[in-house]
Structure formats: C-alpha cells, structure tokens
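Contents: one structure, followed by commentary.
The values are calculated or read from the model by the stated rules, or taken from the named source; none is laboratory data. Everything quoted here is computed from the prediction, not taken from an experiment. Counting neighbours? That spans all protein chains shown, and the Cβs are built from the backbone with ideal geometry, glycine included.
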Amino acid sequence: MYKYDSYDQQMVDTRVAEFRDQVRRRLSGELTEEQFRPLRLQNGLYLQLHAYMLRVAVPYGTLNSAQMTVLGDIADKYDRGYGHFTTRQNIQYNWIKLEDTPDILADLAKVEMHAIQTSGNCIRNISSDQYAGAAADEVVDPRPYAELLRQWSSFHPEFLTLPRKFKIAVIASETDRAAMRLHDIGIKMVRNPAGEIGAQFYAGGGMGRTPMIGPMIREFVPLDQLITYSEACLRVYNRYGRRDNKYKARIKILVHELGKDEYTRQVEEEFAHLLGQGIEPPLAELERIKQYFVDPAFEAGASDELDLSDPDFRLWVERNTHAHKQAGYVIANVSLKPVGGIPGDASADQIRLMAQLAKDYSFDELRVTHAQNIVFPHVKKADLYTLWKALDEAGLGIANLDTLGDIIACPGLDYCSLANARSIPVAQKISERFGSAEKQAEIGELKLKISGCINACGHHHAGHIGILGVDKKGVENYQLLLGGCEGADTSLGKITGPGFDENGIVDAVEKATEVYLSNKQDGERFLDTYRRIGMDPFKEAIYG
Amino acid sequence: MKILTGNDLKTGAVTWWTGVGWSLDVNDAADVGEDGAKIIAREEGVQNVFAAYVIDGEKTAAKDGWTVRPAHIKDRIRALGPTVRPDLTLKPSDPEAVNWVI
Ligand code: HEM
Ligand code: SF4
C-alpha cells in the first residue's frame, strides 16, 4: 500500500489545523454559515437530512487494517456506532457534530486519511478495481497509476473550481469492475502490440439526469505522458464546460455537444501544446510509487485444496470468492447486504472485526467496492474457512454477491436532503422477498440498483434492474428500469413505463424475474435474456 | 399552520422553533404565521441555528395533547429520523412512529 511521504503528511496535517481554526471561528460567530459552508464542504462536511454528514475519502478503495480500525473507532466515538460504505468506494458518517470534526480529521490524518476533495467542483477521489493487484485477469496493477493521478489532482490549483465535479476511474482488465465508462474520465491500462503498458482514455461518461457512456478518445497514451494527457482533457473541459447551467456542466454534456471527435481534437491540440512544458512527473516518481504496490509475501506452493464439506461455506465460496493471480490464494468478498439490512452499512464492531481479520488473513489489506461491499484481496485458501467462520459469526458471512440480495442503494430520503423517495426500505423489501438461498440459486446473477433521485448515486441506470425514486405530488413513487450494466459491455437501463408505489415496485421486480425465468435459455443471466428478447415481454407481464 | 425548522449549529440536529426557543421535538413547534423570515433573520444572527426555513404543518389533537405534522414527507422524516433505524429516531420505543411519516 502507498505510504505518505513527508509532503503528503504535511499537506493533510496543515489542512486539519486550518479547518480546526475555521470551525472555532464558526462556533464563535466570527464566520457566518454562508462564509463557512464552502470551507466545510472542502473538508467533506455536508449538511444532510438529520445532521452533518462527513464523507471520508478511501483512495481507489484501498485500506489497511489500521485505517479500517480508525474508521470503526470514529463510528463509535463520534457517530452512532455505524458507517455507510458508498458506491464511490468511500465511507460516510451520518451523525457528525461540527465541534468534533477537527478531532475526527486529526484521527484520520494519523492513519494517512482525509476528507479533502470529497465535495465540490474538483477532481474527486479516484476509484478503481477492487480486485487490483490480486485479480488473475489484470494486465497490470492499476493502483500506482491511480495514486499518481491522486497526487496530481490533490490541490491542483487549476482544477479546484471546475464547471462541475469530476470523477476518474482507473482499471486494468477487460472485465470492468469499476463502472469505468460511467466516469467523467475512464482510464484503462492496456498493453500495446509492442508489449508496452499505457493508458486508454475514455471521456464524458456519467450517470445523473443525463446518463452517458464515455466514448474512447485515445487508444494508447504512453506512461510518460499520462499526466500531461489528463491535464489536457481537464483543461479543455475547464475552459469550455457549461458553467451557465448546473445541469449541463458535467463533461459528458461537453463531449456530447461538441461530439467525441471535436472534443478529442481539442484535447490533442492542448496536449501537443502542453507536451513541451515539462508538467509530466519523471517516470522515477511512478517507479517510486510502484514499490508500494509490490505483491505481498505470498507463500510459494500454497495449497489449492479447499474443504467444502460445510454446505454454507461451499455456497459462500461459490458466490463470494474470485480467482486470485497467485496459486493457493483467493479473493474473498464480504457482502454488506444481509437479508432485510441496509446496503453498505456496517457497525463499528463489524468494521473493526474486518480490520483485524484482514490483518490476520489478507496481508493487512481491504478494499471497498462500488457495490458497497468489502474485499479481502489476498486470502490463503488454507485460511478461508476460518475467515468465513469469523465473518459469519458477526453477520458478515452472507453468500449473495451479485445476486438479487446484493442490492446497491443510495441513502435516499432516509438520510439525503436531495432525495425524492426512500431507497433503503425498497432494498429491504426486495432482499426479504428474494433473499433465500433457493431464490438466489434460481435467479442467479442479477444486479439491482436503487437511487432516491435523478442524481443516480445508487447507479440505477447501470442496474440489470434499476429503480429510481421520484416525487409524485408529494408521494414517493418508483420507476423501473431494465437492461443497464456497468461492466465491459456497459449499457444504460430503459424505463419500463409508469411508476409504482413501494409495494408495487417489489411486485414489478418479481414479475420481471418471472419473465426471465420462463424465457431463459441455457446459461443466460437475467441481463442476457433481456438483451435477447427485449423490453416488450417484460412490459406485458408488468403492466398486463 | 406555518412552522419553522433549522439545524443546530454545534450538533447539526434538526430543531423546531417553539415561540421562545428551539426544540428537538416537532410537537413543540409554534405557528409562526407570517413572521418566519423575521425570526430566521434574528435567530441566524444569534448563530445558534442555521439553514432555517419555513414549512407548512398541521396540528391535530392526540391522546396526550397534540401532534404537529409537517406537510411534506421530507420534513416528516427530518422530524422523526431515518425510518429504517427506528432505534435512532425521536421515538425509539414507539413502533407506530414510522407510520406517522408515511
Ligand atoms: C447523501 C449525500 C449525497 C449528496 C448530497 C449527493 C449528491 C449528488 C449529486 C448532486 C449528484 C449528481 C451530480 C451531477 O450529475 O452533476 C450525485 C451523483 C453521484 N453520487 Fe452522490 N450524493 C450523496 C451521496 C452519495 C452516496 C452515499 C453515494 C454512494 C452510495 C454517492 C455516489 C454518487 C454517484 C456514483 C453519482 C453518479 C455518478 C456521477 O454522475 O457522478 N453519492 N450525487
Ligand atoms: S441519488 Fe439522490 S437521493 Fe440518492 S444519495 Fe444521491 S442525491 Fe441523495
């Protein structure tokens, strides 16, 4: 894992001291809310429905045990005993007191964490593949590049007041596990025919009220031009992005309005101009960073044997684990989606337990996934049963990854002041109806994603089944979408028709699964069947 | 009736104007009539409360006095707390509390 150098640490410590003084001045009345609001937002402190909410950045979703422990401690000490893991691979606390915030940020700084650039029109926390450095199918570990981009984008003076927020994802395998093409910029690390590693750039993806799949704008950017090319992409956006209209200010609108070719032409022009200016960090810096991401000390010749005689364990292994690049090891997913639970929420004790287990069984490392789950990236197969037992005792051994029980849901109207409708109760009802092992086995992979408003924090456009909460004359109403997907074959879901109330939407989901089950052909997932037979049979079943 | 709500500066907690001060319980909310803007200007000046705004509410008789119910669901959830965590709401021991929101 990356370790802060003295610059990183000093930047973060200085920021804590600065914010401490700002909070003091706010509490003493020297600063009005109007003056203070942008300052608190720059430190991740929002005002939500019930209280202040603090969003903490988890760079490319990677955490070590010490960091995870502090996240649990913060939940206990300053919040109400839990945290919420988000689709941005971050964590949010819902009940933070203003007067405690400087101390929380100081606690975070001690373990090389912060809440900077988790709000506002800047480059946000960079997301990545949760299996980075562990997956068998990756070309290269994407994290060093994500880290380089993190350093470039942290406090980048030119990009702190962009037309709108800016989200970057970096991946390095064909299987896209980070919704890369739904980001403002998506970067895929690839190998060219000459065998060199470089970056493939996608721009103008996004969700929100105008979902777009980002087109590829450059097939291959050499490693010694990565930052310069990123800078050129941002510069063109910064100059021409629609500052006149908040709803048209994301880069997706610019790329869409200019057309991919014209945007690319402008980027290339800017890139040519920037190339001579020496803004690219020396490759030695990338090499320095890479040293922090070398493989842990895997045991050579570790056994690939697994005793699957415990049927619950077998199910969990089938559902929740993924092939590791190292023989004898496996990637294990902890689902934060118990039947009837709140997607992404974990108690302080659960968070600390996962920290301890990562220390014992995963080389001190954890990942947060955009599906609001937690990953143990490097587990020796010989330890897997012990790990699962310990997780299961704490309610964390649920076997439902990527099934109808593993729902992504934004906080919705239970917590979010922008919401139209509640997301969590809908997720709970669906997981209760479809949560049994039999149902899950029958239906198989089905990604369901719920947002409480058009902002799409719950990725509803990218769900095989998506649900969008709308406000129908003051009453919660839910629209159903089908056919979205965030992987290598990214597609956007289509609305089936008129919306439903809370119980109606659960019935509609059930009808959609029935259409799938009666039409599916060998090996087809819900999404495959939908793509083959189209919307009509679903509409007919749902609306009659 | 018109009622006035905001957030406590220190804790961020949702508060309601009672006519003389601020309360965490929506049932203490007073009808501010046309005076909302005036009270907001004064109270935010004192810095105890921020992000204040006036909403429509309804006062109805209940067995132990009355209840004040904000007109919009968003403010009802603000008044109660997250419906998915009854233990963290204003009425943790009232199993019916969530129904009051909907
Ligand atoms: C509760 C406080 C939150 C607020 C006020 C908020 C606000 C917003 C807004 C306004 C947008 C739309 C931006 C645009 O299209 O220009 C957005 C998008 C998004 N947010 Fe949130 N959000 C919140 C929580 C979350 C949470 C909890 C998650 C993760 C579960 C999240 C992840 C995202 C994602 C993935 C998008 C869509 C991708 C994109 O187009 O950027 N947000 N959010
Ligand atoms: S999608 Fe809407 S309701 Fe959900 S967290 Fe985002 S802004 Fe809030």
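For the stretch A:369-388, name all the residues that are among the aromatic types (Phe, Trp, Tyr), farther than 26 Å from A:His84 by Cβ and in contact with a strand residue (DSSP E or B) (Cβ under 9 Å, 6 or more places away or on another chain). Once the filter is applied, which keeps residues that are among the aromatic types (Phe, Trp, Tyr), farther than 26 Å from A:His84 by Cβ and in contact with a strand residue (DSSP E or B) (Cβ under 9 Å, 6 or more places away or on another chain), the stretch A:369-388 yields nothing. Sub-7 Å Cβ pairs linking a first residue in the stretch A:38-52 that is within 14 Å of B:Ala52 (Cα to Cα) to a second residue that is in a helix (DSSP H, G or I) and away from ligand 1 (no atom under 11 Å from the Cβ), at least 6 apart or interchain, are A:Leu49/B:Ile77; A:Leu49/B:Arg78; A:His50/B:Arg78, ordered by first then second residue. Taken over the stretch A:453-502, the criterion of being polar (S, T, N, Q), farther than 15 Å from A:Arg209 by Cα and under 17 Å from the mean Cα position of the chain (by Cα) is satisfied by A:Thr490 alone. Listed by first and then second residue, the pairs linking a residue in the stretch B:71-85 that is at the interface with chain A (Cβ under 8 Å from one of its Cβ atoms) to a residue that is of a type in the set (Ser, Thr, Tyr) and not in a helix (DSSP H, G or I), with Cβ atoms under 8 Å apart and 6 or more places separating them unless they lie on different chains, are B:Lys74/A:Ser417; B:Ile77/B:Thr83; B:Arg78/B:Thr5; B:Gly81/B:Thr89; B:Pro82/A:Tyr415; B:Pro82/B:Thr89; B:Thr83/B:Thr89.
Within the stretch A:343-365, the set of residues being aliphatic (A, V, I, L, M), within 15 Å of A:Gly83 (Cα to Cα) and either away from every other protein chain (no Cβ under 14 Å) or surrounded by fewer than 24 Cβ atoms within 10 Å (Cβ to Cβ) (or both) comprises A:Ala348, A:Ile351, A:Leu353, A:Met354, A:Ala355. The set of residues from the stretch A:25-81 being among the aromatic types (Phe, Trp, Tyr) and out of contact with any strand residue (DSSP E or B) (no Cβ under 8 Å at 6 or more places or on another chain) comprises just one member, A:Phe36. For A:Val255, the conditions (1) out of contact with any helix residue (DSSP H, G or I) (no Cβ under 8 Å at 6 or more places or on another chain); (2) more than 30 Å from A:Tyr7 (Cα to Cα) all hold with the exception of (1). Elements of the type helices (runs of 4 or more DSSP H) sitting completely within the stretch A:245-305 and holding at least 1 residues that are more than 14 Å from chain B (Cβ to nearest Cβ) and either within 16 Å of ligand 2 (Cβ to nearest atom) or touching a Cys at 6+ places or on another chain (Cβ under 6 Å) (or both): these cover A:260-275.
Results for (1) within 16 Å of ligand 1 (Cβ to nearest atom); (2) buried (at least 22 other Cβ atoms within 10 Å of the Cβ); (3) within 18 Å of the chain's Cα centre (by Cα), shown as yes or no for each residue.
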residue	(1), (2), (3)
A:His84	yes, yes, yes
A:Lys97	no, no, no
A:Asp107	no, no, no
A:Ala146	no, yes, yes
A:Ile168	yes, yes, yes
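Considering each residue of the stretch A:449-465 in turn, none proves to be surrounded by fewer than 23 Cβ atoms within 10 Å (Cβ to Cβ) and away from ligand 1 (no atom under 16 Å from the Cβ). Within the stretch A:381-415, the set of residues being out of contact with any Leu (no Cβ under 7 Å at 6 or more places or on another chain) and within 14 Å of chain B (Cβ to nearest Cβ) comprises A:Ala409, A:Cys410, A:Pro411, A:Gly412, A:Leu413, A:Asp414. If I filter the stretch A:223-238 for residues that are over 28 Å from A:Gln151 (Cβ atoms) and either surrounded by 23 or more Cβ atoms within 10 Å (Cβ to Cβ) or in contact with a Pro (Cβ under 7 Å, 6 or more places away or on another chain) (or both), do I get at least one hit? No, the conditions are met nowhere in the stretch A:223-238. The set of residues in the stretch A:480-500 being more than 14 Å from ligand 1 (Cβ to nearest atom) and either in contact with a Ser or Thr (Cβ under 8 Å, 6 or more places away or on another chain) or assigned by TED's automatic domain parsing to the domain that holds A:His84 (or both) consists of A:Leu480, A:Leu481, A:Leu482, A:Gly483, A:Cys485, A:Gly487, A:Ala488. Taking the stretch A:445-544 as the region of interest, none of the helices (runs of 4 or more DSSP H) fully inside it holds 3 or more residues being within 14 Å of chain B (Cβ to nearest Cβ) and within 16 Å of ligand 2 (Cβ to nearest atom).
Count of the stretch A:379-424 residues, restricted to those that are away from ligand 1 (no atom under 11 Å from the Cβ) and more than 19 Å from the chain's Cα centre (by Cα), is 24. The set of residues from the stretch A:50-88 being among the charged types (D, E, K, R) and either assigned to a helix (DSSP H, G or I) or within 16 Å of ligand 2 (Cβ to nearest atom) (or both) comprises A:Arg55, A:Asp73, A:Asp76, A:Lys77, A:Arg88.
Restricting A:Arg422, A:Arg433 to those that are of a type in the set (D, E, K, R), within 16 Å of ligand 2 (Cβ to nearest atom) and at pLDDT 95 or above reduces the list to A:Arg422.
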